Amino acid sequence: MSVKQYLCGPCLEEKGEIEGVVYCKECEEPLCAQCKQDHLRIKVSKHHKLCDRADVPSQEIQELLKSLIACPNHEKEGVVYLCKDHDVTCCNKCAMADHRKCEEVKVFADILHDITLESTGLKQVLHDLQQQGERLLEHEQKHEELVSEIESKALSSLQTIKQRLLDIYEQIKNNVLSAIADKKKIIQDKIKENTENLSQFLIDVKQQSTYFENVEQFGTNEHVVLLQRRLKKDAVSRLKSIVDELEKHKSKSSFKCIEDTSLDSLLLEIKNSLRIKNFTCDLSKTGSDTGNNHNKPYTERIPELKSGKDLTILPMFDKAKFPDPVSCTWIDKYIVIYLRPDNVLLVIEENSDFVLSKFKCHSSSWSVSRTGPTDMVISMPHAHKIAFAQLRYGNIHVLTELKTKAPYHYVTKNMSLNQYICITKDIGQIDLLNNDGTLLRDISLSLDLKECATSLHTFCSFNAYYLMLVFSQGKSDKLVALNLNGENIFEYKHPDLRSTGQLAVDPMGNMYVRSFNRKVHQISPSGQYIRSLSFKNESDYPIGICFNSTFDQIALIDYRGGNQYLRVYTFT
């Protein structure tokens, strides 16, 4: 409040400037000591509320107080009545002019007590609104922090991709330069040998030519004729034989750099390997924070049951025909279950309770793997075939079949290089095929790894994040991982591992495999035990296991009491 506003109001009207010591709330002006005494003595103002100058409200509040007491229609008149019929305040003039016929026109002073009681609830409403606003403000601040954190993680992912690209480039460069050096040495050794033989040959020819020139120069005709006879009989025939051999063994070997995978396709795959997608989260929901769950490490996420289905009671599921589910694969919004020995694929929508379709394989199949957003590959080792199929609206369509030289049991795809990894269990052979089915190279295995690959109950999975194959030996207590050069990376042993079956891999490269104690082991990419995941139905026995495309849900095929169950868990 300015200095002028602290001057006594009545004195100021008399042209006197005396500082006020109190403030009258009803008169809305300061009072000096004398005017205060007069104020308390006069009957009209003796009950006015006075307050210290320090408690004087701000100019904004004073203006608000004036506006509240002023009649909406007559600025110089104060409100006297409250018309409940029209829910408006009014002065004497308004009451006489506009509200004479209203049934409930109350004197404002008479109903102040009731209004005061009502204000308690209003204060609570305003208090609640303030708290809600503060929570929303805190939410926005946390959301801003979350967006910054996501940005940091995206930048970190870019750095990781950059480093991995640089690492793989170094590997490619070293492999190419090493192969060039090896081939170049062989070719250069051959060139050196041929060069030395040719040099000796030319010396021999030159020597015979020199003999002939000298005999012509210094000898008689008889000498020339005799030398001609000797050259034709011995030297010339010998030199012709030598030059024919040199011609036959002249250098032909060379080499060239071939792109086994289309470079443009590979670069496109790399370009699309990381993308930004819209995502909705609500940081205010304690205990079900989608945003935080999405960013939790997979080593901290807990599986919670989302849905469960008894497969044996679903339509189109014949328990007599389909006694043995082997594996499951999550493609788009569908879960594909492979049933052996009848070689049938059942397609179930993730949120439905019935089988959408049933696909009968033409030949005895062995494994099914997802190779794209809606694509899959089916191995048919007994027919020496691979079937490339696609899932369309819940139905499986075979696009083409590839005849193979070897009976491949497990076929998966290295999508980063657009190559197929094919494993033959019978002889422990692993081949890499180009996208068109031509053989790129084979992977040599040691005797121990061959024995693992040919084990009766072996199941194989490809860890695309670390470019390694992982074998689970059904009747052994270990997993074996090897790189695409056939070198052993790690062996994971645990007494709980028996009949391990299908494996699953999360985006961090952690592996999930069932254990004999009916839990699922989570194993790091280096082969270290992380933890055992317990699921709600501990009496169940997981057989197949797979992730959805966003890796926030996991499906298990369970076995219990002769019945098969499909259970879907959400990671929180």
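The values are calculated or read from the model by the stated rules, or taken from the named source; none is laboratory data. Not measured: the values here are computed from a predicted model. For neighbour counting, all protein chains shown are included, and Cβ atoms are generated from backbone atoms with ideal geometry for every residue, glycine included.
Please find, among ILE180, ILE242, ILE187, the residue that is in contact (Cβ under 8 Å) with a residue 24 or more places away in the chain, within 30 Å of SER416 (Cβ to Cβ) and part of a helix (DSSP H, G or I).
Working: ILE242 fails: within 30 Å of SER416 (Cβ to Cβ); ILE187 fails: within 30 Å of SER416 (Cβ to Cβ).
Being in contact (Cβ under 8 Å) with a residue 24 or more places away in the chain, within 30 Å of SER416 (Cβ to Cβ) and part of a helix (DSSP H, G or I) holds for just one of ILE180, ILE242, ILE187, which is ILE180.
Since ASN343 meets every condition but one in (1) under 22 Å from GLY501 (Cβ atoms); (2) surrounded by fewer than 21 Cβ atoms within 10 Å (Cβ to Cβ); (3) in contact (Cβ under 8 Å) with a residue 24 or more places away in the chain, which condition does it not meet?
In the conditions (1) under 22 Å from GLY501 (Cβ atoms); (2) surrounded by fewer than 21 Cβ atoms within 10 Å (Cβ to Cβ); (3) in contact (Cβ under 8 Å) with a residue 24 or more places away in the chain, ASN343 misses (3) alone.
If ASP85 satisfies all but one of (1) within 25 Å of ILE111 (Cβ to Cβ); (2) touching a helix residue (DSSP H, G or I) at 6+ places or on another chain (Cβ under 6 Å), what's the number of the condition it fails?
The single condition ASP85 does not satisfy is (2).
Here is a check on your reading of the model: is LYS493 more than 26 Å from VAL336 (Cα to Cα) and modelled with pLDDT under 80? Write out each step before concluding.
Details: more than 26 Å from VAL336 (Cα to Cα): yes; modelled with pLDDT under 80: no.
So LYS493 does not fit the description; no.
Name the one entry in SER178, SER148, SER237 that is over 30 Å from SER273 (Cβ atoms) and either more than 60 Å from the chain's Cα centre (by Cα) or not assigned by TED's automatic domain parsing to the domain that holds MET508 (or both). Even if it seems obvious, please write down each step before you answer.
On the way: SER178 fails: over 30 Å from SER273 (Cβ atoms); SER148 fails: over 30 Å from SER273 (Cβ atoms).
Answer to the check: SER237.
Okay, residues lined up against (1) buried (at least 16 other Cβ atoms within 10 Å of the Cβ); (2) in contact with a Cys (Cβ under 8 Å, 6 or more places away or on another chain); (3) at pLDDT 85 or above:
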site	(1), (2), (3)
ILE396	yes, no, yes
LEU399	no, no, yes
ALA406	yes, yes, yes
LEU447	no, no, no
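Would a scan of segment 193-209 turn up a residue that is touching a Lys or Arg at 6+ places or on another chain (Cβ under 7 Å) and assigned by TED's automatic domain parsing to the domain that holds SER241?
At the first step, the residues of segment 193-209 found to be touching a Lys or Arg at 6+ places or on another chain (Cβ under 7 Å) are 194.
In the following step, the residues that additionally are assigned by TED's automatic domain parsing to the domain that holds SER241 were identified as 194.
Yes - at least one qualifying residue is present in segment 193-209.
Criterion first (surrounded by fewer than 12 Cβ atoms within 10 Å (Cβ to Cβ), closer than 30 Å to LYS413 by Cβ, charged (D, E, K, R) and under 60 Å from the mean Cα position of the chain (by Cα)) does LYS252 satisfy it?
In short, no.
Can you name the strands (runs of 3 or more DSSP E) wholly within segment 333-440 that have at least 2 residues being aliphatic (A, V, I, L, M)? Working first, answer last.
Details: elements: 334-340, 344-349, 355-360, 367-370, 375-380, 385-392, 395-403, 410-414, 419-424, 429-433.
Ranges flagged: 334-340, 344-349, 355-360, 375-380, 385-392, 395-403, 419-424, 429-433.
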